[in-house]
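The values are calculated or read from the model by the stated rules, or taken from the named source; none is laboratory data. Bear in mind the structure is a predicted one, so any value in this text is a computation, not a measurement. We place every Cβ from the backbone using ideal geometry, glycine too, and count neighbours over all the protein chains shown.
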Amino acid sequence: MLNFMKRYVRIVDAVNRTIGRITMYGIFVLMGLLMYSSISKSFFTPSLWTLEMAQFAMAAYYMLGGAYSMQLDSHVRMDLLYGTRSQRGRAFIDTLTAVCLVVYLSFLLYGAFSSTGYAIQYSETSYSSWSPYMAPIKIIMTFGIILMILQTISIFFKDLAKVRGWDLQLKTDQPEEVT
């Protein structure tokens, strides 16, 4: 079981690190879209597609980067009682949180599969005047939810190992700092 956990954590952390590092550069795509939108509205005929495309880019950015953010432990945490606990105590709380998060993300994934299936089956489009197909962004969002579930399980395994006193000997426990 411990070997499975080590392999799982290494693979999932590597995949999410790679996707997250690539996704980080999506902010420049978003900035370019918004800059083009501003320039076209100020000096030329406004483009219909820029604002909605920026919304799609932002959704892809945070959905694909969510698992990497979880891996870096860079999300917001309210620690009224958490900060006073020992490392093992924090790991125990995190294992309980991870179970709740997997349940929540599973419901979210169920809805994402349903919504994506509908978008593909009926060629769903947006209600805007540009009217783009919704399936591509829904597929990206579903993939992002899957990555977050996989990363949550990886974090659960790491915390479970801390609670049990097991040594996973992972080099991926402390990912490099983002600059």
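Checking Ser47 against (1) small (Gly, Ala, Ser); (2) part of a helix (DSSP H, G or I); (3) over 18 Å from the mean Cα position of the chain (by Cα), which single condition isn't satisfied?
(2)
Give me the residue from the stretch 160-179 that is in a helix (DSSP H, G or I) and surrounded by fewer than 15 Cβ atoms within 10 Å (Cβ to Cβ) and, out of that set, modelled with the lowest pLDDT.
Looking at residues that are in a helix (DSSP H, G or I) and surrounded by fewer than 15 Cβ atoms within 10 Å (Cβ to Cβ), I get Asp173.
Determine whether the stretch 23-37 contains at least one residue that is assigned to a helix (DSSP H, G or I), surrounded by 13 or more Cβ atoms within 10 Å (Cβ to Cβ), touching a residue at least 60 places away in the same chain (Cβ under 8 Å) and not basic (Lys, Arg).
no
With the condition kept exactly as written, say whether any residue in the stretch 143-159 is among the hydroxyl-bearing types (Ser, Thr, Tyr), surrounded by fewer than 13 Cβ atoms within 10 Å (Cβ to Cβ) and out of contact with any Leu (no Cβ under 6 Å at 6 or more places or on another chain). Spell out how you get there, then give the answer.
Step one: list which residues in the stretch 143-159 are among the hydroxyl-bearing types (Ser, Thr, Tyr), which gives 152, 154.
Still in the list and also surrounded by fewer than 13 Cβ atoms within 10 Å (Cβ to Cβ): none.
No: zero hits.
Output the residues belonging to the stretch 42-91 that are modelled with pLDDT under 90, surrounded by 13 or more Cβ atoms within 10 Å (Cβ to Cβ) and among the aromatic types (Phe, Trp, Tyr).
The answer is Tyr82, and nothing else.
Within the set of pairs 6+ apart or on separate chains, which have a first residue in the stretch 155-167 that is closer than 13 Å to Gly89 by Cβ, a second that is among the aromatic types (Phe, Trp, Tyr) and surrounded by 15 or more Cβ atoms within 10 Å (Cβ to Cβ), and C-beta atoms under 8 Å apart?
What qualifies is Asp159/Phe92; Val163/Phe92.
Only one residue in Ser129, Ser123 is touching a residue at least 24 places away in the same chain (Cβ under 8 Å) and either under 25 Å from Val12 (Cβ atoms) or not in a helix (DSSP H, G or I) (or both). Which one?
Of the residues listed, the single one that is touching a residue at least 24 places away in the same chain (Cβ under 8 Å) and either under 25 Å from Val12 (Cβ atoms) or not in a helix (DSSP H, G or I) (or both) is Ser129.
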